[in-house]
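Every read-out reported here was derived from the displayed coordinates using simple, explicitly stated rules and does not represent laboratory data. Remember, it's a predicted structure, so these values are computed and weren't measured experimentally. Here the Cβ is made from the backbone with ideal geometry for all residues, glycine too, and neighbour counts use every protein chain on show.
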Amino acid sequence: MNRELIKKWNEKVKPEDTVYVLGDVFWCGTRKAREIMKQLNGKKILIRGNHDLGSTRLLNLGFQEVYKELTYCFEGATALLSHYPYKPTKWEHFIHKLKNFWKFWRIHKYMRFYQRRPDNKGGWLIHGHVHRSWRVKGKAINVGVDVWNYYPVSKEQIEEIIEQVEMGKFKKEKKYGRQYFTKEEKKKAY
């Protein structure tokens, strides 16, 4: 799996590119993480996730910078980069509780890291953390590789989504299996 992720990363990322990694980057020891980092193209900036080590250790692995959150200016919009998605609104939280009132573990899981999630003030959010849940939800874009066929998401892809949503032309994607793909991506993947 690591080889495939490295291959897909390097297919999209050139040595001169800057990549913002939105947390939960490694699930292995320091030695293995350092080996992987050396194989990845680009200048790597980390927005820390709930599984990431201390900032000093992450810098020693090869990240050039490490942040909790960061504001980034895309063409036509400014977005918050965070590992975590927006906090649910009171209404979303109430509906989720109604749907899962007898499944305590689901409510608990849904509310994990609540205090670390940014408040939704109506701006754009680029995040990870939720894995296979969605790609785009309102003004939140999930860039976790598991919903992008294990490829990093480019600045151009994000700008295209922002433009489509702003113009009201964004088409909701269908869920194929446990991942979201456009029809073209599904044909390539399978």
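Calculate the FRET efficiency for E75 and R31 from the Cβ-Cβ distance with a Förster distance of 35 Å, rounded to the nearest 0.05.
0.30
Phi angles across region 28-34 convert, under the Karplus curve 6.51 cos²θ - 1.76 cosθ + 1.60 with θ = phi - 60°, into 3J(HN,Hα) values of 7, x, 4, 4, 5, 4, 5 Hz, Gly and Pro given as x. 3J(HN,Hα) along region 5-13: 5, 4, 4, 5, 4, 6, 5, 9, 9 Hz, from the Karplus curve 6.51 cos²θ - 1.76 cosθ + 1.60 with θ = phi - 60°, whole Hz, x for Gly and Pro. The protection proxy used here, the mean number of other Cβ atoms lying within 10 Å of each residue, ranks peptides 124-133, 27-36 as follows, highest first: 124-133, 27-36. Amide H contacts for K137 (H built 1.01 Å from N in the peptide plane; partners 5 or more residues away or on another chain; cut-off under 5 Å): N142.
I'd like to compare 61-74, 134-147: which one has the highest average count of other Cβ atoms within 10 Å, and what's the full order after that? Walk me through the numbers on the way to the answer.
Values: 61-74: 15.4, 134-147: 18.9.
Result, highest mean Cβ count within 10 Å first: 134-147, 61-74.
Rounded to the nearest whole Hz, the Karplus-based 3J(HN,Hα) values (6.51 cos²θ - 1.76 cosθ + 1.60, θ = phi - 60°) of region 76-86 follow the sequence x, 6, 10, 9, 8, 9, 8, 5, 9, x, 4, with x at glycine and proline. Ordering 49-55, 16-22, 113-119, 80-86 by mean Cβ neighbour count within 10 Å, with the highest value first, yields 80-86, 16-22, 49-55, 113-119.
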